[in-house]
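Colleague: Here's a structure for you.
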Amino acid sequence: MNSFLAKNYNRRKIAFKKGKGSFLYATNGKKYLDFVQGIAVNSLGHANPYLVRAIKKQANKVWHVSNAFIIPEGETLAKRLTQKTFADYVIFQNSGTEATEAAIKVARKYFYSKGKRNKNRILCIKNSFHGRTIAAIFASGSRKMTEGFGPKVPGFDHIEFRKFKPRFPNIRSKIKKNTAAIMVETIMGEGGIKPIPDKCLKYLRKICNEKKILLILDEVQCGIGRSGDFFAFEKSKVKPDIVPIAKGIGGGFPLGAVLMTKKVAKSMGPGSHGSTFGGNPLAMSVGNAVLDQITKKGFLNNLKKISKYFHNELNQIKKDFPKLIKEVRGVGLLIGLQLFNNQKKFIQKLEDNKLLTIKAAENVIRILPPLNVKKNEIDISLKIIRKVCKEIKI
Ligand SMILES: *Cc1c(COP(=O)(O)O)cnc(C)c1O
């Protein structure tokens with residue numbers, strides 16, 4: 001096929017005509033179990049009737065107005081997000097990378113408004129992922145993402161996150177007089193589904209308190225219920241200062257936001273930040289509808305139960321194929337199957353058997369069902385994974 005799209009994606013040779021819940025119907029006539037879900041985006045599956053109703057209803061009223069006016073749907077969504085979380089204020093964006101950039105801006109403005117004009121450096125984990133804008137790639141500090149996009153954006157320092165103790169070697173020496181914030185993903189997604197253990201999150205909070213700097217937890221991929229808690233950091237009891245979100249909150253509609261405490265929000269006065277599309281009524285209505293479902297009584301408890309079952313069964317498969325699968329990673333429905341070898345062939349074989357998954361770093365296969373996945377759908381996927389293990393067995 002002659003494509004006029006630039007070649008910046010390595011696309012798989014498959015296209016879809018429609019979706020329903022956990023399933024996608026391809027133009028090749030096959031029905032796939034979709035455990036990619038737009039990379040943790042379609043939190044309630046494809047064409048969820050409740051979301052379809054919400055977007056249609058709003059589409060008949062008003063799609064977009066400028067942020068120069070009050071947007072009631074956004075007022076509602078912001079109020080609900082703050083009532084539910086650590087946050088006191090919200091700024092809406094359209095994507096994850098915009099949300100992480102806004103988080104960086106908020107951190108810098110906070111110290112600027114306190115007269116600390118040079119306190120603007122952000123300390124991040126080397127090879128993390130915060131999106132693809134110019135600042136976000138240099139925040140991530142990955143050579144692969146930054147190569148060719150210089151000059152290097154200043155203001156970012158990097159620490160290592162290691163599997164073994166000390167997990168953050170020399171972190172104290174990396175915090176300089178001008179460090180404003182530490183920014184990490186609570187669970188590193190693209191990096192291979194690596195959760196930062198609760199103890200380490202607590203340790204980061206402690207250092208931030210000591211040094212009087214801010215803690216930014218990027219929950220773009222792991223937030224909004226995916227971990228089984230509304231935010232992945234909740235079970236650690238750590239309170240961040242700033243949290244960018246996106247992916248799951250829109251249920252498939254582009255929507256991002258930065259959540260923050262009153263302390264840091266104070267410096268974001270009129271004109272300090274803005275977005276043409278951010279917070280438009282259409283996105284806000286979908287966001288509200290997603291929250292309606294995820295905050296329903298029992299929804300996350302059910303997710304925890306079903307994901308525990310999924311993890312247990314995957315660990316059983318790992319036991320049966322100890323030379324193939326190295327580790328079952330992740331929390332809730334943010335799952336990584338780490339192989340000893342390159343995962344490309346395995347992912348292709350899963351696709352051949354009509355299960356869609358996606359890779360992450362470190363030979364990891366990411367498994368991202370919708371948050372309302374049913375047990376029998378998980379069982380279908382387990383059967384396929386086991387079958388492929390047998391076929392690929394080394
Ligand atoms: C996906 C992701 C982003 C970037 O989101 P986009 O919507 O692609 O800009 C940022 N941070 C994390 C942790 C992500 O997983």
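The values are calculated or read from the model by the stated rules, or taken from the named source; none is laboratory data. From a predicted model like this one, the values you see are computed outputs, not experimental measurements. All Cβ positions, glycine included, derive from the backbone under ideal geometry; neighbour counts span all protein chains shown.
Colleague: Within segment 138-189, how many residues are within 16 Å of the ligand (Cβ to nearest atom) and crowded, with 22+ Cβ neighbours inside 10 Å?
Modeller: Residues meeting the conditions: 12.
Colleague: Could you please let me know if Gly155 is out of contact with any helix residue (DSSP H, G or I) (no Cβ under 6 Å at 6 or more places or on another chain), closer than 29 Å to Ile358 by Cα and touching a residue at least 24 places away in the same chain (Cβ under 8 Å)?
Modeller: no
Colleague: Can you pull out the residues in segment 4-45 that are within 16 Å of the ligand (Cβ to nearest atom) and closer than 30 Å to Asp292 by Cβ?
Modeller: Matches in segment 4-45: Val36, Gln37, Gly38, Ile39, Ala40, Val41, Asn42, Ser43.
Colleague: Let me ask something additional. For the structure I just gave you, tell me whether Asp229 is more than 11 Å from the ligand (Cβ to nearest atom), surrounded by fewer than 23 Cβ atoms within 10 Å (Cβ to Cβ) and of a type in the set (D, E, K, R).
Modeller: Yes: the conditions hold for Asp229.
Colleague: How about segment 177-271: which strands (runs of 3 or more DSSP E) wholly inside it have at least 3 residues that are out of contact with any strand residue (DSSP E or B) (no Cβ under 8 Å at 6 or more places or on another chain), among the hydrophobic types (A, V, I, L, M, F, W, C) and at positive phi?
Modeller: Result: empty, no element qualifies.
Colleague: Here is a check on your reading of the model: is Lys199 of a type in the set (Lys, Arg), within 16 Å of the ligand (Cβ to nearest atom) and more than 20 Å from Ser95 (Cα to Cα)?
Modeller: No: the conditions fail for Lys199.
Every residue, every condition in (1) within 16 Å of the ligand (Cβ to nearest atom); (2) surrounded by fewer than 19 Cβ atoms within 10 Å (Cβ to Cβ); (3) part of a loop (DSSP other than H, G, I, E, B); (4) assigned by TED's automatic domain parsing to the domain that holds Lys262, yes or no:
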| residue | (1), (2), (3), (4) |
| --- | --- |
| Ala68 | no, yes, yes, yes |
| Glu73 | no, no, no, yes |
| Thr76 | no, yes, no, yes |
| Phe92 | yes, no, no, yes |
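Colleague: Then there's this: Mind counting the residues in segment 35-60 that are in a helix (DSSP H, G or I), closer than 17 Å to Leu282 by Cα and hydrophobic (A, V, I, L, M, F, W, C)?
Modeller: Here the count works out to 5.
Colleague: Here's something else I'd like to know. Look through Lys194, Lys239 and report the one residue that is of a type in the set (D, E, K, R), crowded, with 22+ Cβ neighbours inside 10 Å, over 19 Å from Ser43 (Cα atoms) and in contact with a Lys or Arg (Cβ under 9 Å, 6 or more places away or on another chain).
Modeller: So the residue among Lys194, Lys239 that is of a type in the set (D, E, K, R), crowded, with 22+ Cβ neighbours inside 10 Å, over 19 Å from Ser43 (Cα atoms) and in contact with a Lys or Arg (Cβ under 9 Å, 6 or more places away or on another chain) is Lys194.
Colleague: Test Ile171 against the criterion of being closer than 16 Å to Phe129 by Cα and either touching a helix residue (DSSP H, G or I) at 6+ places or on another chain (Cβ under 9 Å) or at pLDDT below 95 (or both), and give yes or no.
Modeller: Spelling it out, it is not the case that Ile171 is closer than 16 Å to Phe129 by Cα and either touching a helix residue (DSSP H, G or I) at 6+ places or on another chain (Cβ under 9 Å) or at pLDDT below 95 (or both).
Colleague: Let me ask something else about it. Considering each of Gly279, Gly274, Gly330 in turn, give the residue that is buried (at least 23 other Cβ atoms within 10 Å of the Cβ) and assigned to a loop (DSSP other than H, G, I, E, B).
Modeller: Gly279
Colleague: Moving on to the next point. May I ask you to say which residue of Ala265, Ala257, Ala283 is touching a Leu at 6+ places or on another chain (Cβ under 6 Å) and assigned by TED's automatic domain parsing to the domain that holds Gln58?
Modeller: Step by step, each of Ala265, Ala257, Ala283 is checked, and only Ala283 is touching a Leu at 6+ places or on another chain (Cβ under 6 Å) and assigned by TED's automatic domain parsing to the domain that holds Gln58.
Colleague: Considering (1) free of Cβ contacts under 8 Å to residues at least 24 places away in the same chain; (2) crowded, with 20+ Cβ neighbours inside 10 Å; (3) polar (S, T, N, Q), say which one Ser285 fails and leave the rest.
Modeller: (1)
Colleague: Cβ-Cβ distance below 9 Å, separation of 6 or more or different chains: which pairs start in segment 90-102 with a residue that is under 15 Å from Met268 (Cβ atoms) and end on one that is away from the ligand (no atom under 12 Å from the Cβ) and among the β-branched types (Val, Ile, Thr)?
Modeller: Qualifying pairs under 9 Å: Val90/Thr82; Ile91/Val106; Phe92/Ile71; Ala99/Ile91; Ala102/Ile91; Ala102/Ile242.
Colleague: Give the residues of segment 1-29 that are part of a loop (DSSP other than H, G, I, E, B) and surrounded by 13 or more Cβ atoms within 10 Å (Cβ to Cβ), sorted by residue number.
Modeller: Answer for segment 1-29, where residues must be part of a loop (DSSP other than H, G, I, E, B) and surrounded by 13 or more Cβ atoms within 10 Å (Cβ to Cβ): Ile14, Ser22.
Colleague: Can I ask one more? Restricting attention to segment 127-176, which residues are among the aliphatic types (A, V, I, L, M) and within 23 Å of the chain's Cα centre (by Cα)?
Modeller: Ile134, Ala135, Ala136, Ile137, Ala139, Met145, Ile159
Colleague: I need the full set of residues from segment 119-144 which are farther than 16 Å from Gly192 by Cα and among the hydrophobic types (A, V, I, L, M, F, W, C), in order please.
Modeller: Hits for segment 119-144 are Ile122, Leu123, Cys124, Ile134, Ala135, Ala136, Ile137, Phe138, Ala139.
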